[in-house]
Amino acid sequence: MSERKPVTLHRLREMHAAGEKVAMLTCYDATFARVLDEAGVDCLLVGDSLGMVLQGERGTTPVTLEHMAYHTRCVAQGNRTAWVIGDLPFGSYQESREQALRSAAVLVQAGAHMVKLEGGGWTADTVRFLVDRGIPVCAHLGLTPQSVHALGGWRVQGRGDVAAAQLLAHAKELADAGAAMLVLELVPAALAAEVTRALPVPIIGIGAGPQCGGQVLVLHDLLGLHPGKPPRFVRDFSDGSTGIAHAVRRYVDAVKNGTFPDPHLHCH
């Protein structure tokens, strides 16, 4: 994989047009960035999930912009060709479009190629504001961990006709605003498939069934480093692997050939 050309926004659009699934993993440091890049992972998501897997927090809301900038820089140092996405953390973009731009600039200067923000409705205006200023944006709908308290806990989102219609409408608004990618987390597989068909951009699923245009997992979940019982959709790729790089390559292959996630282990 050492000869891979850099993954760009244009390349991601080509992959989407050709029906090639996007393999994304969270990544938080330079060493893993190098391993994941060399194993063929398309996108490295510097996720605010680091609050839980690195800092031991119960959720993502304690993560600050300074934390995100630090880890984004670490990942950028180790990466050569993958597309790097930095999460805008809780409280760094909700106040105003201008606040979002300042926060996004911090992550781009740290090495992110794209920023990700959560939620639909009010966020479309923010997405358009950032995209107009040359910052690629990945949107995030479904279970949005930063607002987990408002959502009533870690529950499947988009169940029922009204909730599904609202999620689809928000997804279309975000794509129209210029979001170049959309993460769908914990939504029924049929709804995720509908969103995937309806939008002109790659839909990256996590607990959203096998029909999305790509998949993302938390790196530590993929490696079986999940405290307690992992979510149903998670697969431990370290089981039967000869090492971390082999486990990651197996994940990439499974996403590309459509054997991950298991179609029987998704939300209905």
For this session: Kindly check whether there is at least one residue in the range 141-150 that is surrounded by 24 or more Cβ atoms within 10 Å (Cβ to Cβ) and on the phi > 0 side of the Ramachandran plot.
Result: yes
Exercise. Tell me, which residue of the range 132-167 that is among the β-branched types (V, I, T) and at pLDDT below 95 is farthest from F90 (Cα to Cα)?
Worked result: V162
Problem set entry | Looking only at the range 250-261, and only at residues there that are without any contact (Cβ under 8 Å) to a residue 40 or more places away in the chain and not in a loop (DSSP other than H, G, I, E, B), the one that is surrounded by the most Cβ atoms within 10 Å (Cβ to Cβ) | R250
Seminar exercise, completed: For C74, the lone unmet condition from (1) surrounded by fewer than 17 Cβ atoms within 10 Å (Cβ to Cβ); (2) part of a helix (DSSP H, G or I) is (1)
For this session: Pick out the one residue from V195, V183, V218, V148 that is among the β-branched types (V, I, T), in contact with a helix residue (DSSP H, G or I) (Cβ under 6 Å, 6 or more places away or on another chain) and closer than 28 Å to L36 by Cβ.
Result: V195
For this session: Tell me which residues, restricted to the range 39-58, are touching a residue at least 12 places away in the same chain (Cβ under 8 Å), outside any loop (DSSP other than H, G, I, E, B) and not small (G, A, S).
Result: C43, L44, L45, V46, L50, V53
Seminar exercise, completed: Scanning the range 77-89 residue by residue, those among the hydrophobic types (A, V, I, L, M, F, W, C), in a loop (DSSP other than H, G, I, E, B) and either surrounded by fewer than 21 Cβ atoms within 10 Å (Cβ to Cβ) or in contact (Cβ under 8 Å) with a residue 60 or more places away in the chain (or both) turn out to be A82
For this session: For the range 222-235, state whether one or more residues are crowded, with 18+ Cβ neighbours inside 10 Å, free of Cβ contacts under 8 Å to residues at least 60 places away in the same chain and more than 20 Å from L50 (Cβ to Cβ).
Result: yes
Problem set entry | Residue list for the range 236-249, restricted to those being surrounded by fewer than 18 Cβ atoms within 10 Å (Cβ to Cβ) and not in a loop (DSSP other than H, G, I, E, B) | A245, H246
Seminar exercise, completed: In the range 27-44, residues that are of a type in the set (F, W, Y) and either more than 16 Å from the chain's Cα centre (by Cα) or closer than 18 Å to T242 by Cα (or both) total 1
For this session: Pick out the one residue from A171, A208 that is buried (at least 16 other Cβ atoms within 10 Å of the Cβ), under 30 Å from A247 (Cβ atoms), aliphatic (A, V, I, L, M) and under 17 Å from the mean Cα position of the chain (by Cα).
Result: A208
Exercise. If we scan the range 190-202, do we find a residue that is surrounded by fewer than 19 Cβ atoms within 10 Å (Cβ to Cβ) and under 16 Å from G121 (Cβ atoms)?
Worked result: no
For this session: Looking for whichever is buried (at least 16 other Cβ atoms within 10 Å of the Cβ), modelled with pLDDT of 95 or more and farther than 14 Å from G111 by Cα here; the options are L45, L54, L36, L9. Which one fits?
Result: L36
Problem set entry | In the range 131-165, the residues that are outside any helix (DSSP H, G or I), aliphatic (A, V, I, L, M) and farther than 26 Å from E98 by Cα | L151, V156
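The values are calculated or read from the model by the stated rules, or taken from the named source; none is laboratory data. Given the structure is predicted, the values throughout are model-derived calculations rather than measurements. Reconstructed Cβ throughout: ideal geometry from the backbone, glycine too, with neighbour counts over all protein chains shown.
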